[in-house]
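Visitor: My questions will all concern the structure given below.
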């Protein structure tokens, strides 16, 4: 097989394998992305915060359900994807505090009404109950948030033993962007690998059919060696027989030319004639 075709096929196979490996790892990457957004999980503990740590926001969750026993998704009562906490959960989260250890700044702002939750994490059992460093206001089925001052430092949670989870949405968006990039890159690698592999296969057949045929014309090759080595029987054919025929004809002509020809006949053949004798007077 031609070296160019072999190299093309190898490149195509490598790209195809790389693409398949990336596709198989997307599921694990998605789980890692979800876990990477969790910056705190526990009860009555400490966590570090930086000012303007997350542009999108840090959402606080507890294990519960919204009004109506749902964990998010489309709310027919609201006509959108917003939900309200149950009365018990609202009273509970309003007692939560996240206090700066040095200056006493409060960083947690509870949210009981019109909480946006599209249900993408409905099966995990967590519901959103507030924000860190962002105040949320609700009015007539509409909500908005304003940044609150949260200086750098260590903060202490007081949740009365209730387990909470702090989720950084910026990290989630970065992870989702990475997964989407992996999907496109893996799909591109697979497509390119298949195309290059097909090209390599075509080249393998094409270059093999168009490869010039070479013959060994050395004196040692049995097809071109006319010498009698005592072992190889060589039969003359084609042009060799024609050469023998020509040589045979030449020998016959030579033999005929040696036959004696009378001088008079020879002169006639050469075009020489004797002049007739002069007339007698």
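The values are calculated or read from the model by the stated rules, or taken from the named source; none is laboratory data. Just so it is clear, the model here is predicted, and its values are computed rather than measured. Positions of Cβ are backbone-derived with ideal geometry, glycine not excepted, and every protein chain shown enters the neighbour counts.
Visitor: When segment 95-104 is examined, which residues are found to be closer than 18 Å to residue 61 by Cβ and either touching a helix residue (DSSP H, G or I) at 6+ places or on another chain (Cβ under 9 Å) or surrounded by 12 or more Cβ atoms within 10 Å (Cβ to Cβ) (or both)? If you could, list the steps in order and put the result at the bottom.
Guide: Taking segment 95-104 first, the residues closer than 18 Å to residue 61 by Cβ are 95-98.
Once the filter is applied, which keeps residues that are closer than 18 Å to residue 61 by Cβ and either touching a helix residue (DSSP H, G or I) at 6+ places or on another chain (Cβ under 9 Å) or surrounded by 12 or more Cβ atoms within 10 Å (Cβ to Cβ) (or both), segment 95-104 yields 96, 97, 98.
Visitor: Scan segment 52-93 for residues that are surrounded by fewer than 13 Cβ atoms within 10 Å (Cβ to Cβ) and either in a helix (DSSP H, G or I) or more than 48 Å from the chain's Cα centre (by Cα) (or both) and jot them down.
Guide: Matches in segment 52-93: 87, 88, 91.
Visitor: Ok, one more. Answer yes or no as to whether residue 39 is modelled with pLDDT under 80 and either within 26 Å of residue 119 (Cβ to Cβ) or assigned by TED's automatic domain parsing to the domain that holds residue 102 (or both).
Guide: no
Visitor: Can you pull out the residues in segment 142-180 that are at pLDDT 75 or above and within 42 Å of the chain's Cα centre (by Cα)?
Guide: Passing the criteria: 164, 165, 166, 167, 168, 169, 170, 171, 172, 173, 174, 180.
Visitor: Look at residue 171 and say whether it is touching a residue at least 60 places away in the same chain (Cβ under 8 Å), under 30 Å from residue 97 (Cβ atoms) and in contact with a helix residue (DSSP H, G or I) (Cβ under 7 Å, 6 or more places away or on another chain).
Guide: Numbers: touching a residue at least 60 places away in the same chain (Cβ under 8 Å): yes; under 30 Å from residue 97 (Cβ atoms): yes; in contact with a helix residue (DSSP H, G or I) (Cβ under 7 Å, 6 or more places away or on another chain): yes.
Criteria met by residue 171.
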